[in-house]
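Working notes for the structure below.
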Amino acid sequence: MRLSRFAAAGAAVAIVLAGSPSIADVIADWSTAVAPPAPELKDATVDPSTTALLLLDIMKAGCGARPRCIAAMPNIKKMHDEARAHDMNVWYSLVGSDGKAVPDDIMDPAIKPRTGEWYRQGGPDKFLGSTLDPVLKQAGIKTVIICGNSFQGVTVGTSQEAVQRGYKVIVLVDCSAGESVYHEQYAVFQLAKGGPVGITSNVTLTRTGMVKF
C-alpha cells in the first residue's frame, strides 16, 4: 500500500512537471532576455601621483581589425596625452606577433611605450606573471585607469584582478572596444552591476571627457 502511494505521488509530480512551462536554462530562455538600463557614468577626479594609465593590447593587428577599436583611438590618444602631461605612470601589455610583439606594433606610434613601460603578456589578466603589480606598488599607485582591446576580455579581466589586489579602478567606456556592441554591453554590465559587489563597488565607469586631473 505504501509503495502504491509513493508511486502515485511520483506520477503526479511527473504530470505537473510535464505540463509546466520550462524553468529551463539560459540557452532555452535566450530569446526572453531583456537588456537592463545602461549604467550611470560618473565624473572621476584623479590624483596623477597615485594613478596609472594601463593601455592593454592596443595593437595594430588586433585593434586594426576591429572598427570599434579604431573608432576609440582618438579617445585613447587623448587619455595617453593627458597622462603624459601630468607625468603619470603608464604601463602597456603587448600581444601578438607569435609572442614577439614590440613597441612599434602598437596601434598608433603617438602612444608608443617608452623603455621599461611594457611587457609581453597575453590573456585577460595582465597582472598574472607580469611586471604590472611590482611597477604599480613601487610607484605608490592606488588607482588604475584601464583602456583595453578587447573590452570583455582584457578590460574586464584586469579590472577585476586590480580590485582584488587592492586598487581602485576607472574604466573609460570610450577607450575600450569589443567585437560588437553586445560584447561591450556585457563587459560594462559585468563591471557595473553583474559582478560581485566587492568588484563593482570599486570600479568607476566614465568617459574621457569626464575625467579631471
Considering 52, 101, 85, which residue is surrounded by 15 or more Cβ atoms within 10 Å (Cβ to Cβ), under 15 Å from residue 211 (Cβ atoms) and among the hydrophobic types (A, V, I, L, M, F, W, C)?
52
Could you pull out the residue among 164, 138, 152 that is of a type outside the set (A, V, I, L, M, F, W, C) and under 19 Å from residue 207 (Cα atoms)?
152
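Matching residues to (1) open to solvent by less than 50 Å² (accessible area, probe 1.4 Å); (2) under 21 Å from residue 206 (Cα atoms); (3) among the aromatic types (Phe, Trp, Tyr); (4) assigned to a helix (DSSP H, G or I):
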site	(1), (2), (3), (4)
37	no, yes, no, no
42	no, yes, no, no
77	no, yes, no, yes
81	no, yes, no, yes
115	no, no, no, no
Could you please find all residues in segment 144-166 being more than 14 Å from residue 95 (Cβ to Cβ), surrounded by fewer than 24 Cβ atoms within 10 Å (Cβ to Cβ) and free of Cβ contacts under 8 Å to residues at least 40 places away in the same chain?
152, 160, 161, 164, 165, 166
Within segment 174-213, can you find the residues that are aliphatic (A, V, I, L, M), crowded, with 16+ Cβ neighbours inside 10 Å and closer than 17 Å to residue 36 by Cα?
187, 188, 191, 192, 205
Which is at pLDDT 95 or above, part of a helix (DSSP H, G or I) and open to solvent by 60 Å² or more (accessible area, probe 1.4 Å), of 124, 134?
134
Being under 21 Å from residue 62 (Cβ atoms) and touching a residue at least 40 places away in the same chain (Cβ under 8 Å) is the filter here, so list the residues in segment 182-197 that pass it.
184, 185, 188
Apart from one, (1) more than 17 Å from residue 68 (Cβ to Cβ); (2) touching a helix residue (DSSP H, G or I) at 6+ places or on another chain (Cβ under 7 Å); (3) hydrophobic (A, V, I, L, M, F, W, C) all hold for residue 210; the odd one out is (2)
Just to be sure I understand the filter: pairs with C-beta atoms under 7 Å, separated by 6 or more residues or on different chains, first member in segment 198-209 and more than 16 Å from residue 142 (Cα to Cα), second member open to solvent by 20 Å² or more (accessible area, probe 1.4 Å) and among the acidic types (Asp, Glu). Which pairs pass?
206/43; 207/174; 208/174
Some residue of segment 172-185 being of a type in the set (Val, Ile, Thr), over 19 Å from residue 69 (Cβ atoms) and in contact with a helix residue (DSSP H, G or I) (Cβ under 9 Å, 6 or more places away or on another chain):
no
I need the full set of residues from segment 73-84 which are without any contact (Cβ under 8 Å) to a residue 12 or more places away in the chain and either of a type in the set (A, V, I, L, M) or more than 18 Å from residue 49 (Cα to Cα) (or both), in order please.
74
Quick one: count up the residues across segment 186-213 that are within 23 Å of residue 122 (Cα to Cα) and part of a helix (DSSP H, G or I).
6
Candidate set from segment 47-75 (those that are small (Gly, Ala, Ser) and in a helix (DSSP H, G or I)); member that is nearest to residue 134 (Cα to Cα)
49
Answer yes or no as to whether residue 95 is touching a residue at least 40 places away in the same chain (Cβ under 8 Å) and over 11 Å from the mean Cα position of the chain (by Cα).
no
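The values are calculated or read from the model by the stated rules, or taken from the named source; none is laboratory data. Keep in mind it's a predicted model, so treat the numbers as computed, not measured. In this analysis, Cβ positions are derived from the backbone assuming ideal geometry, glycine residues included, and neighbour counts consider all displayed protein chains. Note: areas computed on protein heavy atoms with side chains; ligands, DNA, RNA excluded. Shrake-Rupley method; radii C 1.70, N 1.55, O 1.52, S 1.80 Å.
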